[in-house]
Amino acid sequence: MAAAVLTLNAGSSSIKFSLLELADADQFEFVAKGEIEEIESGAPHFSAVDAQGARLAERKWTRPTGFDELLGAVIQWTEDHLGDNKLTAVGHRVVHGGPKHDRPERVTAELLAELEALTPLAPLHEPHSLAPIRAILAARPTLPQVACFDTAFHRTMPTVATRFALPRQYEAQGVRRYGFHGLSYEYIAGRLRALAPRLAAGRVIAGHLGNGASLCAMQAGRSVDTTMGFTALDGLVMGTRCGAIDPGVVLYLQQQCGLCAHDVEDLLYRRSGLLGVSGITSDMRTLQTSPDPRAREAIDLFVYRIVREIGGLMNCLGGLDGLVFTAGIGEHSPDVRAMVCAKLQWLGVALDPEANQSNTLKISHKSSRIEVWAIPTDEEAMIARHTCDTVGATAPAF
Ligand code: ADP
C-alpha cells in the first residue's frame, strides 16, 4: 500500500493542506490540495481540488467553529478520500525551530513543549504552526506527526551572519538572525543538484519571491546567509511587509506619531511593502498592468532592493555562479526577472529573452557568465519527503 502523507500549513486565517502519495517508491504523486479559509471571520470555508484542479469537496460553516473541529474535518475528509489506503503520517510546516532544531523531527509531547517555549521568538506565527500539532496529538495520538522547520535549512549560517550587534545578553535569549523560507530553499537546492549538478556545487543565490520574499546565498547547497533575520519582516520589500528598515523609523513611529506597538506591527507586516508604496495592491500581477505611476515605483523599489541584497550576498559567497528565481513572482514574472538581470549586466548576467518569456528552467543566454534559472518550488513535496524519511517510510530523491 502506498505511503500517504498529509501536509499542513496553518496561518492566522487559513489551514492549507496537501495530500501526497508515494507512488512506486521513487515519486510523490500529488493527490489533492485544499484549504479552510476565513477561519477568523466566523464563516469558515473548506475546499479541496485534485491534481488537475477539479473540485473534490466544498463545505461552509455558518457559525463560528473552533480550530480543532475544523482540523478534524480536514483529517476526516482526507481519510475518507484515501478509502482503503491509510494515512501514514502528517507533516507540518513549523515556522520557527529556534537555535537548536536543524532537521525535521517526529512530534512527541516533549518536542511540542519545547516548541511552545519558542513562541516568544515568533508570537505571530508559531502558535498557528503548533495548534494543529497539539490538536492531532490529542485526537489521534497514534498518528505519526513530523515537524518541518522553516528555519532549519539556515542552521549552517556562520555565527558572524547570525549575530546582531547588540549586547550579548539578547543573543543568549535567542535574539539573532534565523532566516525563513528554508523548506523552499532546501527543495530548490535538491532540484538544482538534479538539474545542474556542477552549478549546485558552486555559489548560488536563490530568490523566493512570493507574497513573502527573501534571498538565500548557498555554497554547495548549504545556506551561508539569507535576507530574512530574526523575523520574516527583514530583508526584501514584500507584498505587505516593509523589509529591512532603519530601526530608528520604528522609534519615530512610536515616539513622534503616537503609534503603539500593535499599530507598528500592523503597519510593518500588513500595510507596507508593495501595497504601502503603490497605495493600490500587494499583488504583483495587478501592479504590472496598472497605469498608475506609483505601481511602477513600487516594482522599481522591489527590484532595487533585490539587486542591492544580491550585491551583499555575492560578497558573502566570494563570487557568484548562478541565480535562481522561484515562488509566485520568481516563477511567473519574466518582467521582474528581466529587470533584476538588467541591473546585473555589469556582472556578466545575460538572459535568453525567449527562455525567460516562456518561464523555462534555464533562462540565461549561453554567453552569460552567470547561469540564471527559474525553478518552481514545492514546499509540500519537501515536507512530505521529510515526513516519510523521519517516520521511516521510503521517500524518493529529487
Ligand atoms: P505566497 O508567498 O503567499 O505563497 P506566491 O508564491 O503564490 O505567494 O506569490 C504570490 C505573488 O506572485 C503575487 O504577488 C502574485 O501577483 C505573483 N504572481 C503570480 N503569478 C504571476 C504572474 N504571472 N506575473 C507576475 N506576478 C505573479
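All of the numbers you see were taken from the coordinates with simple rules; none came from a lab. Worth saying up front: this structure is predicted, and the values here are computed from it rather than measured. Note that each Cβ is placed from the backbone with ideal geometry, even for glycine, and that neighbours are counted across all protein chains shown.
Values computed for the structure shown
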quantity	calculated
Ellipticity estimate at 222 nm from DSSP helix runs (n ≥ 4, -39,500 (n - 2.57)) divided over the chain, nearest 500	-11500 deg cm²/dmol
Lysine pairs in the chain with Cα atoms under 24 Å, if 8 or more residues apart or on separate chains	7
Computed FRET value (nearest 0.05) for Glu58 with Ala338, which takes r as the C-beta separation and R₀ as 35 Å	0.35
Using θ = phi - 60° and Karplus 6.51 cos²θ - 1.76 cosθ + 1.60, couplings along the range 173-184 (whole Hz; Gly, Pro as x)	7, x, 7, 7, 8, 10, x, 9, 6, x, 5, 5
Simple label model, 7 Å out from Cα along Cβ direction - Arg193 to Asp300, nm	4.3
Between the range 90-137 and the range 276-332, the Cα center-to-center distance that results, in Å	31
Order of Val95, Val49 - criterion: other Cβ atoms within 10 Å of each residue's Cβ, fewest first	Val49, Val95
Note, ³J(HN,Hα) from phi for the range 137-142, Karplus 6.51, -1.76, 1.60, rounded to Hz, x at Gly and Pro	4, 6, 7, 10, x, 8
Dipole axis of the range 1-115 (+1 Lys, Arg; -1 Asp, Glu on Cβ), positive-most option in Leu70, Ala109, Ala57	Leu70
Kirkwood hydrodynamic radius (C-alpha pairs) into Stokes-Einstein, the chain, 20 °C and 1.002 mPa s, D in µm²/s	97
Packing-based order for 9-19, 213-223, 50-60, using average beta carbon neighbours within 10 Å, highest first	213-223, 9-19, 50-60
Förster-model FRET efficiency, 45 Å R0, Glu29 and Val307, C-beta, rounded to 0.05	0.70
Peptides 180-187, 70-77 ordered by average Cβ neighbours within 10 Å, highest first	180-187, 70-77
Note, ³J(HN,Hα) from phi for the range 4-10, Karplus 6.51, -1.76, 1.60, rounded to Hz, x at Gly and Pro	10, 10, 9, 9, 10, 9, 9
Sites Asp68 and Lys100 - FRET efficiency at Förster radius 35 Å, r taken between beta-carbons, to 0.05	0.80
For Phe325, residues with placed amide H under 5 Å, excluding near neighbours	Gly207, Trp373, Ala374, Ile375
Amide H within-cut-off set for Ala3, under 5 Å, with H built and near neighbours excluded	Leu22
Rough spin-label spacing in nm, given labels placed 7 Å along Cα→Cβ, for Gln76 and Gln255	5.6
Interchain or long-range residues, amide H under 5 Å from His365's placed H	Ala350, Leu351, Asp352
